[in-house]
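Only the coordinates and a few stated rules stand behind these numbers; no lab work does. Values in this document were obtained by computation on a predicted structure and should not be read as measured data. Neighbour counts are summed over all protein chains in view; Cβ atoms, including those assigned to glycine, are modelled from backbone coordinates with ideal geometry.
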Amino acid sequence: MAGSGNGAAAGGAGAVYGLGLLGALVWNWQQAETFWGYPWGVVESLFWPAFLVWELFRLSAGG
């Protein structure tokens, strides 16, 4: 049977990422204080996993 794989698991991961994206967008939008804070908040929301990993690496390196 072609097509019987982990499609459901991939769909679930996409849904979790989408909820994380939406939550990050709401959070960053509320934190913006200037005009340019809003576009930057959208960018941060799109790339929040990369920012998270970057900060974890930075903290683990002691810097």
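Backbone geometry of the stretch 40-52 corresponds, through the Karplus equation with coefficients 6.51, -1.76 and 1.60 at θ = phi - 60°, to 3J(HN,Hα) couplings of 5, x, 5, 4, 4, 5, 6, 10, 4, x, 5, 4, 4 Hz, x marking Gly and Pro. Spin-label model, F47/L19: points 7 Å from Cα along the beta carbon direction are separated by 2.6 nm.
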